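Only the coordinates and a few stated rules stand behind these numbers; no lab work does. Please read these numbers as outputs of a predicted model, since none were measured by experiment. Neighbour counts run over all protein chains shown; Cβ positions are idealised from the backbone, glycine included.
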Amino acid sequence: MRLSRFYLPVLKETPAEATIISHQLMLRAGMIRQQGAGIYAWLPLGFRVLKKIEQVVREEQDRAGAVELLMPTIQQADLWRESGRYDAYGKEMLRITDRHDREMLFGPTNEEMITEIFRAGVRSYKDLPKLLYHIQWKFRDEIRPRFGVMRGREFLMKDTYSFDIDKDEARRSYNRMFIAYLRTFARLGLKSIPMRADTGPIGGDLSHEFIVLADTGESEVFCDRDLLDMPAPDINVDFEGDLQSLVDQRTVHYAATDEMHDVEEFEQKVSSEKRVSARGIEVGHIFNFGTKYSKAMNAVVMGPDGKEVAAEMGSYGIGVSRLIGALIEAFHDEQGCKWPVAVAPFHVGIINLKAGDEAVDGACTDLWRQLESQNVEVIYDDTRSRAGEKFARMDLIGVPYQITVGPRGLKEGIVELKLRIDGSKQELSPEAAVNFIKEKIAEGLKVH
Ligand code: ATP
Ligand code: MG
């Protein structure tokens, strides 16, 4: 991609309305543009990152045995009357009326709709378990939208729903999502900690919020330091097998958000040097709610004994658009974003120090072609901006590998390669730069 053709409206000043670094950088780097309170247009750079996150989330859902579909954003009020939630949901729901005066709504979540879809097509326990998910825009009329995409009103969520014949099977589905979530966040470069969450009137222990530690997080959290050192299960994890011990390894350690925090238990279970009290961002939430919706909406299947039973259900959300905020909070410095390769909007930036010079233009396009033929994603700064401006912009948008090509170096057959991660620079031949980058990108994209 040529920068001169791209749309990258970077800002020089930090917008006053943005109080946290991720929001500031998303605006400054031209990733989003606000269109209303908690409503954002995704500009090309931001959209590229959003799609990458979405794809990682999708791959790990698929690996765990979930099946993707797509439900609409607009739903009928009547469906929500079946579960009793139409009135209960309150002001967070955006209610709409169509031209026939039918009551509609912009979906804040999809339990009712997926239950309707399930009951229409599944009759027997033999068709279970089912794990269905979609990645779709949600609208919640949040009382206090803030921190940019972190707490938006319109936001992108991955929501999965599980249907099982009994509680044991439902726990297996829950465990699949538990492990899939650890893997998903780890692939994005984030350390997530599952923390027990409130189950309300449903009861039981099957509700966890996945928290990424960040000083700007909205949640206050408490946990055992050992959880921070635990790696996510690797690619060889068998989702068809018993995942209980992998889940238990984590849930034995104390981890709770302020709502669930028990000071006495914390101090008793965790030795003082291992007590972590910090702030965090909720990037995911998994929850088993039994037969709450299946009973209310008559989503029943024939059991092995010929009797009808209401399906045991759970729902599992990931804040896909919120994750961009969480990622920037985790990966940035004074100069801007520092994207991990797995989600970087571009892998490589080529900076042409003398656009219009035949030799430099030629060397840049050569490099660009060679890298793109290896599936490396390149943003080529072919503009006439000043060198300083080019360097600053490349750092601001956080491109992990940056190659600078100028007339002087070129005469000696060298270009400069800079690593955004630590700012280190090396001079090498264009061929060596391509080989170095090729390997690094392959390594960065490798799924462990
Ligand atoms: P919160 O406590 O942050 O309001 P929630 O409990 O309402 O979250 P869920 O209904 O469990 O969230 O939604 C699943 C995920 O969707 C959350 O874990 C979060 O990552 C994301 N999410 C929820 N609300 C928003 C929002 N307003 N903006 C962006 N992402 C959100
Ligand atoms: Mg909420």
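Annotation: amide H-H contacts under 5 Å for GLU68 (H modelled 1.01 Å from N, sequence separation of 5 or more, or interchain): TYR133. Over all other residues within a Cβ to Cβ distance under 9 Å of TYR161, the charged ones net out to -1, with Lys and Arg as +1 and Asp and Glu as -1.
The distance from the alpha carbon centre of the stretch 434-448 to that of the stretch 2-51 is 27 Å, rounded to a whole number. Only lysines eight or more places from LYS158 in sequence, or on another chain, were considered; those with a Cα closer than 25 Å are LYS51, LYS52, LYS91, LYS130, LYS138, LYS167, LYS191, LYS292, LYS295, LYS338, LYS446.
Rounded, prolate or oblate for the chain? Axes are the square roots of the Cα gyration tensor eigenvalues, ordered a ≥ b ≥ c, and the cut-off for rounded is a/c under 1.5. The shape class here is prolate. Hey, with R₀ at 51 Å, roughly what FRET efficiency would GLU443 and ASP101 work out to, going by the Cβ-Cβ distance, to 0.05? Calculated value: 0.30. Could you give the angle, 0 to 90 degrees to the nearest 10, between helix 320-330's Cα long axis and the longest principal axis of the Cα atoms of the chain? With rounding to tens, the tilt is 50 degrees.
Each part gets one Cα centre, and for the stretch 244-306 versus the stretch 97-130 those centres are 26 Å apart. What the phi angles of the stretch 133-141 give under the Karplus curve with 6.51, -1.76 and 1.60, with θ = phi - 60°, is a coupling list of 9, 9, 10, 8, 5, 10, 10, 10, 7 Hz, glycine and proline written as x. Got a sec? Charge dipole of the chain, +1 on Cβ for Lys and Arg, -1 for Asp and Glu; which of LEU131, ALA330, VAL434 is way out at the positive end? The residue sitting farthest along the positive end of the dipole is VAL434. With the simple spin-label model, which puts each label point 7 Å out from Cα in the Cβ direction, the ALA41 to VAL309 separation comes to 5.3 nm. A Förster distance of 22 Å, applied to the separation of the beta-carbon atoms of THR365 and ARG386, puts the FRET efficiency at 0.55.
Residue by residue, the stretch 168-184 carries 3J(HN,Hα) couplings of 5, 5, 5, 5, 5, 5, 4, 5, 4, 5, 4, 6, 4, 5, 4, 5, 4 Hz when phi is fed to the Karplus relation 6.51 cos²θ - 1.76 cosθ + 1.60 (θ = phi - 60°); x denotes Gly or Pro.
When GluC sites (Glu not before Pro) are flagged only if DSSP places them in a loop and at most 11 other Cβ atoms lie within 10 Å, the longest unflagged stretch of the chain comes out as 18-239. I want the antiparallel fraction of DSSP beta bridges within the chain, as a percent rounded to 5. Around 85 percent of the beta bridges assigned by DSSP in the chain are antiparallel ones.
For the stretch 148-291, what does the alpha-carbon gyration tensor say about shape, rounded, prolate or oblate, given a ≥ b ≥ c as the root eigenvalues, a/c under 1.5 as rounded, and a/b over b/c as prolate? In terms of gyration-tensor shape, rounded. Using the Cβ-Cβ distance between LYS91 and GLN244 with R0 set to 51 Å, the FRET efficiency from 1/(1 + (r/R0)^6) comes to roughly 0.80.
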